[in-house]
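This report concerns only the one structure given below.
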Amino acid sequence: MKQDSPIVRLDSIDAYNKLYGLETKHPLVTVIDLTQATKVVNHVRMDYDVYALFLKNGTNCTVKYGRQSYDYQEGSIVSFSPGQVIGVETEVDEVAPEVVGIMFHPDLLHKTPLASKIKDYTFFDYSQREALHLSSDERRIFCQCLARVNEEISRPVDKHTAEIVSSQIQVLFDYVTRFYERQFITRAKVNSDILTRFESSLKEYLASDRTKDGLPTVNYFAEAANLTPGYFGDLIKKETGVTAQEIISRHIVERAKRRLSESTDDVSIVAYELGFQHPQHFSRMFKRLTGNSPTQFRQNASSIGNFSPGSITEE
């Protein structure tokens, strides 16, 4: 994508439909089928003020994750949210790409249950290289959900339309979440390798001088894995049952235990060595995970270390 490619701002549903020559049935939501487009869009960047979910069909190319082929090739889903700028490249002779999807303006969600839940759908934070790859059955379910939305917005708008449409979109998002969880499971070997590298890199980080620059972060390890923080975090939680941040915290505390047991350095010095700018933050984390303050832990460790069977006398 050329940096001088024109930027098209998608601040409304109609802006997208006019770009591709598609019909606008509802001002806040549209179901997209680019095989029906009457205009070809090429070499542009789109500045999203809307939410969108696209399914690209076809098996004529192999999509890979690093050197690994994806599990399913029948179709892949990418998602976009307000604030993202996405490049579009279309082959000159590709007048009708096999792409279907849904796009909606955030205003559609006002006063609906989806408004408070939309933040829970973390796949909107994933990058295009972390696309969801569907089986044929999953693709069928996705298209059925689109059809239900399209049927509703083809009716005259009334006071129930927004809530019905948002509930149908929520069902679609729940299916996408399920499909992503399936992808995490079916790609267990790749995910396990990422987890192993994460834990190994974390140990190396804590044993190095890099802690002087600050605490290790989820963003740091996600970038090292060439993943977005959202996808990386969801992958780690699926593999381990706990968050990536919690794993980082546990490793920090384990290293702190060794330092506290093996030295007489002040707790604040240990905290600074581990990357904490404020010792009280270290103390709070330590107590949350161990039940004791660093000082209490050191006292208990010292007491156990000084214990010997000969110190016990019978009354």
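The values are calculated or read from the model by the stated rules, or taken from the named source; none is laboratory data. Just so it is clear, the model here is predicted, and its values are computed rather than measured. Cβ: placed from backbone, ideal geometry, glycine included. Neighbour counts: every protein chain shown. We work out accessible area using only protein heavy atoms, side chains counted, and drop any ligands, DNA or RNA first. Shrake-Rupley method; radii C 1.70, N 1.55, O 1.52, S 1.80 Å.
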Zone of Asp193's modelled label, taken as backbone nitrogen in the range 239-254 under 18 Å from a point 7 Å along Cα→Cβ: 239
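For the chain, what does the accessible surface come to per residue with a 1.4 Å probe? Please give it in Å².
55
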So, with points 7 Å from each Cα along the Cβ direction, the Gln144-His251 label distance in nm works out to 4.3
Give, as a single signed number, the net charge of other residues whose beta carbon lies under 10 Å from the beta carbon of Lys203, with Lys and Arg counted +1 and Asp and Glu -1. -2
Rounded to whole Hz, the Karplus (6.51, -1.76, 1.60) HN-Hα couplings of the range 138-149, x for glycine and proline: 5, 4, 4, 4, 4, 5, 5, 5, 4, 4, 5, 5
Expressed as a whole percentage, what fraction of the accessible surface of the chain belongs to carbon and sulfur atoms when a 1.4 Å probe is rolled over the protein heavy atoms? 49
Roughly how many Å² of Asp137 are accessible to a 1.4 Å probe, to the nearest 10? 80
By the scheme Lys and Arg +1, Asp and Glu -1, what is the net charge of all other residues having a beta-carbon under 12 Å from that of Arg9? -2
Using 0.36 nm per residue, how much length does the chain from Ser302 to Ser5 gain when fully extended, once their Cα-Cα distance is taken away? 100.3 nm
Order Asp234, Asp120, most accessible first, counting only protein heavy atoms with a 1.4 angstrom probe. Asp120, Asp234
Radius 15 Å from Cβ of Phe286, net charge of other residues (Lys, Arg +1; Asp, Glu -1): +4
Residue-wise, which Karplus ³J(HN,Hα) couplings in Hz belong to the range 209-223, taking 6.51 cos²θ - 1.76 cosθ + 1.60, θ = phi - 60°, and x for glycine or proline? 7, 5, 5, 5, 8, x, 5, x, 10, 4, 4, 4, 6, 5, 5
Karplus-derived 3J(HN,Hα), 6.51/-1.76/1.60, for each residue of the range 242-257, Hz, glycine and proline x: 10, 6, 4, 5, 5, 5, 4, 4, 5, 5, 4, 5, 4, 5, 5, 4
For labels at Asp213 and Ser136 in the simple 7 Å Cα→Cβ model, what's the distance in nm? 5.0
How much length is gained if the chain between Ser200 and Gln280 is pulled fully straight, taking 0.36 nm per residue apart and subtracting their Cα-Cα distance, in nm to one decimal? 26.1 nm
Evaluate the distance, in nm, between pseudo-label points positioned 7 Å from the Cα of Thr295 and of Ile185 along their respective Cα→Cβ axes. 5.0
Check which residues have an amide H placed less than 5 Å from Val44's amide H, if you skip close sequence neighbours. Val88
Heavy atoms only, probe 1.4 angstrom, no DNA, RNA or ligands counted: give me Lys189, Lys25, Lys257 ranked by accessible area, highest first. Lys189, Lys25, Lys257
Given [x] 22.1; [y] 23.0; [z] 21.4, the label whose value is Kirkwood radius over Cα pairs in Å derived from this model: [y]
Between Gln84 and residues 5 or more places away or on another chain, which pairs have amide H atoms under 5 Å apart, with H built 1.01 Å from N, and which residues are they? Tyr48
Out-of-range pairs (alpha-carbon distance over 29 Å; input Lys25/Lys117; Lys25/Lys238; Lys238/Lys287; Lys111/Lys238): Lys25/Lys238; Lys111/Lys238
Residue separation between Ser154 and Asp14 times 0.36 nm, minus their alpha-carbon distance, gives in nm 48.9 nm
Quick one: among Arg288, Arg259, Arg182, which has the greatest mean-square fluctuation in a GNM of the chain with alpha-carbon springs under 10 angstrom? Arg288
